[in-house]
Amino acid sequence: MAEDDVRSKGEALIPTEEFQARFREEAERLSGFVPKSRGAQFCPMLVALFAEHGAEGKRKGALIAVPMPEGAAKHEMMFGLGAKMAREGHRVVAALLVAEAWTKFLSPAEGWRAKTAGMQRPSEAPDRRESLVLWGRTLDGRTALGVAPLERKGNAVALGKWEFAGEGEVEDNLLAHFFAGHMRVFAEGNREAGK
């Protein structure tokens with residue numbers, strides 16, 4: 001299937017309602033898991049949703065631990081992971097990525113300053129907070145974002161209330177790189193097959 005063909009049929013591959021429902025289900029699953037973690041650091045995890053459905057009608061998928069390197073190496077790693085899944089024959093139609101991150105919410109003045117003078121890294125901000133962040137992206141570029149504050153006290157971890165961004169308010173470069181690698185392999189395969 002050509003890249004343009006797949007992107008134009010994104011809604012048919014995974015309807016928005018299903019994508020949003022799976023995204024919220026994953027957030028709820030994390031809400032139940034985090035308090036049981038006993039203060040451990042969380043390894044970033046990728047949930048890949050496949051085009052195929054299982055015998056019980058539920059969409060097939062995979063859960064993959066993703067050791068996250070620093071800087072631009074993150075993007076290269078995600079590109080390579082998307083390509084690897086395509087070479088293995090998996091048709092991924094949506095992906096979710098969860099990781100710990102420092103977050104900072106910007107006031108309107110800070111938002112304006114960030115656009116004009118550059119933004120301070122959240123990890124360096126004095127009013128940062130540790131959060132669990134859940135990003136979602138479909139093959140055709142629909143996105144979702146959820147952020148929940150993490151509070152650590154000794155070996156106990158509490159996850160605060162999830163805050164969700166609206167459709168189209170999020171651009172996630174890591175999952176965009178994942179799908180760029182995935183689609184490149186499919187496009188190369190189609191060119192070789194003369195499709």
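Laboratory data are not the source of any read-out in this text; all were calculated from the coordinates shown. Keep in mind it's a predicted model, so treat the numbers as computed, not measured. Cβ atoms come from the backbone with ideal geometry, glycine included; neighbour counts cover every protein chain shown.
Here are the numbers:
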| item | result |
| --- | --- |
| Region 40-87 shape via C-alpha gyration tensor axes, a/c threshold 1.5 | oblate |
| Additional length obtainable on full extension of the chain from E151 to R29, 0.36 nm per residue less Cα span | 42.2 nm |
| Environment charge at L96 (Cβ cut-off 9 Å; Lys +1, Arg +1, Asp -1, Glu -1) | +1 |
